[in-house]
Amino acid sequence: MLRTVNRVLLGLAGLGLLALGGAVLVPALDLPRRWGFALPGWWPFKGPDDVVLSEAGRTRWRDEGWWWPVVFAVLGVLLALMLWWLLAQLRRRRLGEVLVDSGDGEGAVLRGRALEGVLAAQARSMDGVAGADVLLSGRRRTQPRARVGLVLEPHAGPAETLARFTDEGLAHARRSAGLDRLPAEVRIREVRHGAERVT
């Protein structure tokens, strides 16, 4: 979901900046006179001498009693949304590598995406699992955490599937990487399917 929110926000921000830049640049470069076309009546800026925000526009609502509370409320909401977005990005920071104890005292480095791929493949190979998505995160290479999303077929039991994935997939990954522990958050949902027609 966060990936979709990021794409929508970036798309809206890009479209807004493109529209605002075009609305300012077209009259600022005097393109209507040079290229021989007229701007519509609702266009916010008319020519190269027009300002983006006039003094009358800046001071229009300043003496109204509701103006400053609304300004601060809008700014507070925007700040809260930006902080939420920033914290969501930091929480989902992907772990690049995991330090593996190779037994020779030197250690080895395992790519985080490789471990994610192995865990996802093991989950998909289980009976009743239609899809799996794994994300490793963590602040240190030696303390990874797994966020797992499992999509189950209608006939699969969530409790049995979770127990099997924990006992087989997660335990195997933990042993292979030489980790003392591998905490995981597993989210389970059922695959979407259309209603069956009965005749």
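Counting the residues of region 53-68 that are open to solvent by 100 Å² or more (accessible area, probe 1.4 Å) and of a type in the set (A, V, I, L, M, F, W, C) gives 3.
Restricting attention to region 1-48, report how many residues are in a loop (DSSP other than H, G, I, E, B) and surrounded by 10 or more Cβ atoms within 10 Å (Cβ to Cβ). I'd like the intermediate steps shown before the answer.
Taking region 1-48 and keeping what is in a loop (DSSP other than H, G, I, E, B), we get 1, 29-30, 36-48.
Filter once more, keeping what is surrounded by 10 or more Cβ atoms within 10 Å (Cβ to Cβ): 29-30, 39, 43-48.
Counting residues in region 1-48 that are in a loop (DSSP other than H, G, I, E, B) and surrounded by 10 or more Cβ atoms within 10 Å (Cβ to Cβ) gives 9.
Going through 99, 110, 115, 136 one at a time, which residue ends up being at pLDDT 80 or above, in a strand (DSSP E or B) and not aromatic (Phe, Trp, Tyr)?
When all the criteria are applied, what remains is 136.
Among the residues making up region 1-46, a single one is closer than 30 Å to residue 89 by Cβ and in contact with a helix residue (DSSP H, G or I) (Cβ under 6 Å, 6 or more places away or on another chain): 2. Give me the residue from region 150-179 that is modelled with pLDDT under 80 and part of a loop (DSSP other than H, G, I, E, B) and, out of that set, least open to solvent (accessible area, probe 1.4 Å). Per the criteria, the residue is 179.
Per-residue answers, yes or no, for (1) modelled with pLDDT of 85 or more; (2) within 30 Å of residue 85 (Cβ to Cβ):
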{"residue": "10", "(1), (2)": "no, yes"}
{"residue": "18", "(1), (2)": "yes, yes"}
{"residue": "22", "(1), (2)": "yes, yes"}
{"residue": "26", "(1), (2)": "yes, no"}
{"residue": "45", "(1), (2)": "no, no"}
{"residue": "50", "(1), (2)": "no, no"}
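With respect to residue 134, is the statement that it is open to solvent by less than 20 Å² (accessible area, probe 1.4 Å) and of a type in the set (Val, Ile, Thr) true? Steps first, please.
Details: open to solvent by less than 20 Å² (accessible area, probe 1.4 Å): yes; of a type in the set (Val, Ile, Thr): yes.
Criteria met by residue 134.
The values are calculated or read from the model by the stated rules, or taken from the named source; none is laboratory data. Because the structure is a prediction, the values reported are computed rather than measured. Heads up, the Cβs are rebuilt from the backbone with ideal geometry, glycines too, and the neighbour counts pull from every protein chain shown. Accessible surface areas use protein heavy atoms only, side chains included; no ligands, DNA or RNA. Shrake-Rupley method; radii C 1.70, N 1.55, O 1.52, S 1.80 Å.
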